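See structure below.
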Amino acid sequence: MDRLIIGNLELCCLPDLGISDLEVRVDTGAKTSSMHVDNIRRFRKKGQLYVEFDLHPDIYNMEKTVKTSAPVVDSRKIKSSNGESEQRVVISTLFSIGGRSWPIEITLTNRKEMSYLMLLGREGMGDRVYVDPSRAFTLVEGSADTRSG
């Protein structure tokens, strides 16, 4: 299958979490994908560990929140860009971009000081995309390349 060409910023959907049109910062320097969430609460359902949390799908309207939950797949020590280590919950969810979908792992953290609520790291990209860092929103309707192919 051909790889998608994505820019340094794209719109994605996380359908399992009820999120569409979320701005994601594409970060080839980050190994794991991460997302800003609030009010993380762990609970068990039928013996499986879950987390419930609040998402902010619109960075320009932080009052808008979506409460959702997901099974915990791991807990990892992650070193952030400022050099601090933090133990983070890891969830697996469906990631959709450019008409394609695949499961990715996302660490949940407080990124409220960051410009973007979600980072897409190398593991989440896998062999499915090429990144053109000089472009943004390459997959948004109307902004696609107009070259005939």
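The values are calculated or read from the model by the stated rules, or taken from the named source; none is laboratory data. Note that the structure is predicted; figures quoted are calculated from it, not measured. Every residue, glycine as well, gets a Cβ built from its backbone with ideal geometry; the counts of neighbours run over all protein chains shown. Side chains are part of the model used for accessible areas, which takes the heavy atoms of the whole protein and leaves out ligands, DNA and RNA. Shrake-Rupley method; radii C 1.70, N 1.55, O 1.52, S 1.80 Å.
Worth pointing out:
- Surface analysis of the chain yields an accessible area of 59 Å² per residue, using protein heavy atoms and a 1.4 Å probe.
- Net charge dipole, the chain: roughly 600 debye, given to the nearest 20, about the Cα centre with Cβ charges of +1 for Lys and Arg and -1 for Asp and Glu.
- Label sites at Asp58 and Asn39, each approximated as a point 7 angstrom past Cα along Cα to Cβ, lie 1.8 nm apart.
- Kirkwood hydrodynamic radius of the range 1-42, from inverse mean 1/r over distinct Cα pairs, in Å: 12.5
- When the range 7-46 is described by a simple charge dipole with +1 on each Lys and Arg Cβ and -1 on each Asp and Glu Cβ, the residue from Asn8, Met35, Ser20 located farthest towards its positive end is Met35.
- Of the solvent-accessible surface of the chain, computed with a 1.4 Å probe and all protein chains present, 45% belongs to carbon and sulfur.
- Taking the chain and dividing mean pair separation by its residue count, relative contact order in percent (alpha carbons under 8 Å, at least six apart): 36
- Under 25 Å, Cα to Cα: Lys pairs in the chain, sequence gap 8 or more or different chains: 11
- Estimated from helical segments only, the mean residue ellipticity of the chain at 222 nm is -500 deg cm²/dmol, where each DSSP H run of four or more residues counts as -39500 (n - 2.57).
- Whole-number percent relative contact order across the range 17-96, with pairs defined as alpha carbons under 8 Å at least 6 apart: 21
- Between Arg135 and Tyr50, the distance separating the two model label sites (each 7 Å from Cα on the Cα→Cβ line) works out to 4.0 nm.
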